[in-house]
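**Student:** What follows is a single structure, and I will ask about it in a moment.
Read-outs: derived from the displayed coordinates by stated rules, not from any lab. In this text, all values refer to a predicted model and were calculated from it rather than measured experimentally. Please note: Cβ atoms are built from the backbone with ideal geometry, for glycine as well, and neighbour counts cover all protein chains shown.
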Amino acid sequence: MSRRFGEEGRELSYGTYLKVPELLSLQQGLSKEHDELLFIVAHQVYELWFKVILFELETARDRIAAGDVFFARHHLRRVNVIEKLLIEQIDVLETMAPQDFLAFRSKLAPASGFQSVQFREIEFLSGLKEPKYVSRLEGTPDEMDRLRRRLEEPSVDDAFRGLVERRGSPSLLEIFRDRERHGDLFDLCEALLDHDEAFAHWRSRHVLMVERQIGSKTGTGGSTGAQYLRGTLSLGSGRSIT
């Protein structure tokens with residue numbers, strides 16, 4: 001009797017491939033409050049999607065640098081769809097009432113979303129490179145090395161500008177006016193704008209959520225909380241095609 005694919009040895013399963021037991025052991029709260037599990041899972045999911053976004057942005061940058069606009073747009077499209085998921089996930093977090101969050105918030109200090117290294121990597125890789133953030137973060141040596149590398153390596157914005165230069169340096173106005181001549185560059189501009197807009201939308205929704213949860217209180221990491229976040233709303237994802 002022939003065996004079906006995957007039956008040989010019976011060594012691999014859904015759980016072992018995805019390391020589900022290990023994954024489900026990572027939600028270790030600091031309180032007995034009911035909503036802390038939701039808070040932890042939501043932010044761990046953010047970090048997982050950030051990892052995919054970084055992977056896709058790196059590939060898009062390299063495709064742009066190689067002049068492969070078609071596949072660059074494909075990877076940027078995936079980034080945009082993931083960013084829409086990140087925005088929708090805020091609806092899940094907002095099922096947590098402010099008083100339920102405040103019940104365990106004090107135990108989080110000095111941890112803060114401001115310290116998300118992958119979030120800063122996305123900014124740097126997109127083109128918004130702010131060296132001051134490296135000195136402000138308290139990451140592991142490996143995380144700090146990653147941030148410094150992101151500052152030094154070409155961004156998606158750098159790759160885009162290099163491609164435009166190789167195409168004869170048409171201005172953005174020319175690209176948008178003459179789509180017949182610059183059709184692929186126009187499509188790439190649209191994909192980069194989608195990334196920037198979605199990231200800006202996520203920032204905006206995140207600010208509104210923070211204001212709803214903590215009002216004018218300072219952030220757990222020592223920032224001015226919602227006031228600080230509102231000051232970042234004009235940043236988008238970076239400086240692409242501006």
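**Student:** Can you tally the net charge around R61? Count Lys and Arg as +1, Asp and Glu as -1, for every other residue whose Cβ sits under 13 Å from the Cβ of R61. Intermediate values should be presented prior to the final figure.
**Tutor:** Details: positive: R63, R73, R150, R161; negative: E56, E58, D62, D68, E121, E153, D157, D158.
That sum, taken over residues with Cβ under 13 Å, equals -4.
**Student:** Can you work out the FRET efficiency for the pair D178 and E88, with r the C-beta to C-beta distance and R0 = 35 Å, to the nearest 0.05? Intermediate values should be presented prior to the final figure.
**Tutor:** On the way: r = 37 Å, r/R0 = 1.05.
Once rounded, the FRET efficiency stands at 0.45.
**Student:** What GluC sites (Glu not before Pro) does segment 132-171 have in DSSP loop regions with at most 15 other beta carbons within 10 Å?
**Tutor:** Numbers: sites: E138, E143, E152, E165; in loops: E138.
When the GluC sites (Glu not before Pro) of segment 132-171 are filtered for loop state and at most 15 Cβ neighbours within 10 Å, E138 remain.
**Student:** OK, next. Could you check the simple spin-label distance between L193 and E22, using points 7 Å along Cα→Cβ, in nm with one decimal?
**Tutor:** My value for the distance between the label points is 4.4 nm.
**Student:** As an exercise, identify the trypsin sites (Lys or Arg not before Pro) in segment 118-213 lying in DSSP coil whose Cβ has no more than 15 other Cβ atoms within 10 Å. Write down the numbers at each step before the final one.
**Tutor:** Numbers: sites: R120, K129, K132, R136, R146, R148, R149, R150, R161, R166, R167, R177, R179, R181, R203, R205, R212; in loops: K129, R167, R179, R181.
Answer in residue order: R167, R179, R181.
**Student:** Right, next: Once you place label points 7 Å from the Cα toward the Cβ at S31 and A97, how far apart are they in nm?
**Tutor:** Modelled inter-label distance: 1.4 nm.
**Student:** All other residues with a Cβ under 13 Å from the Cβ of V92 taken together, and with Lys, Arg as +1 and Asp, Glu as -1, what is their net charge? Write down the numbers at each step before the final one.
**Tutor:** Details: positive: R205; negative: D35, E88, D91, E94.
Charge balance in the 13 Å sphere: -3.
**Student:** Report the trypsin sites (Lys or Arg not before Pro) located in segment 17-78 that are in a DSSP loop and have at most 11 other Cβ atoms inside 10 Å of their Cβ, or state none.
**Tutor:** Values: sites: K19, K32, K51, R61, R63, R73, R77, R78; in loops: K19, K32.
Passing both the DSSP loop test and the Cβ count: K19, K32.
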